[in-house]
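What follows is a single structure, written as structure tokens, with notes after it.
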Amino acid sequence: MLNRGNMAKMLIIEDDPTTCYLMRAILAPMGWDVLTAHTVADGIGLLDMRPDCLILDKTLPDGDGREVLERVRLDRLAMRVIVTTGWGPTADIEDLYPDAILHKPVHLDKLFEALNAAS
């Protein structure tokens, strides 16, 4: 999955602490340098770290994940974006062209498939 000399950075923006912890526990041993945030505001603040990949929860306590993806697109940040959602339709975020949209509960095979497409 990772074939770079340096560890690739992963930013996970997810408000559920257990989900966030488990994603970090799965991805860090695979070679990802994992950063986490639980709100739109904290996530936008971590975009300056220039992650290679972003796993973005669509519904966050202080706003919509769409705000983060809009910032990624507006700033033309080169990163793969995987949106996760536990709530129905995704048409309201598809116009921002996330690289993948995964419905919760996220199946690991689908997550790994989306991540492998990034390398």
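Read the figures in this text as sums done on the coordinates, not as results from a lab. Note that the structure is predicted; figures quoted are calculated from it, not measured. For neighbour counting, all protein chains shown are included, and Cβ atoms are generated from backbone atoms with ideal geometry for every residue, glycine included.
Taking the DSSP beta bridges in the range 8-116 as the whole, what percent of them are antiparallel, to the nearest 5? Before the final figure, lay out the partial values.
Working: 2 of 21 bridges.
If I count the DSSP bridges inside the range 8-116, around 10 percent turn out antiparallel.
Under a plain spin-label model, where a point goes 7 Å from the Cα along Cα-to-Cβ, how far apart in nm are ASP95 and LEU108?
3.8
From the phi angles alone, apply the Karplus equation (6.51, -1.76, 1.60; θ = phi - 60°) to the range 8-22 and give each ³J(HN,Hα) in whole Hz, x where the residue is Gly or Pro.
With the stated coefficients, the range 8-22 comes to 6, 8, 10, 10, 10, 10, 8, 7, 7, x, 5, 4, 4, 4, 5 Hz.
In percent, what relative contact order does the chain have, based on Cα pairs under 8 Å that are 6 or more apart in sequence? Working shown, then result.
Working: 182 pairs, mean separation 27.7, N = 119.
Relative contact order comes out at 23 percent.
Which listed residue (LEU56, LEU11, THR85) has the Cα farthest towards the positive end of the charge dipole for the range 8-116, taking +1 on Lys and Arg C-beta and -1 on Asp and Glu C-beta about the Cα centre?
LEU11
Amide H of VAL81: which non-local residues (sequence gap of 5 or more, or other chain) have their own amide H closer than 5 Å, using H built in the peptide plane?
Those qualifying (amide H under 5 Å, at least 5 residues apart or on another chain) are LEU54, ASP99, ALA100.
State, to one decimal in nm, how far the label point of THR59 lies from the label point of ALA28, with both points 7 Å from Cα in the Cβ direction.
Simple spin-label model gives 2.9 nm for this pair.
Starting from the amide H of ILE12, placed 1.01 Å from N in the peptide plane, find each other amide H under 5 Å away whose residue is 5 or more places distant or on another chain.
LEU35, THR36, ALA37, ILE55
Report, in debye and to the nearest 20, how large the dipole of the range 1-112 comes out about its Cα centre when Lys and Arg carry +1 and Asp and Glu carry -1 on their Cβ.
Working: 12 positive and 18 negative charges, 91 e Å.
In total the dipole reaches around 440 debye.
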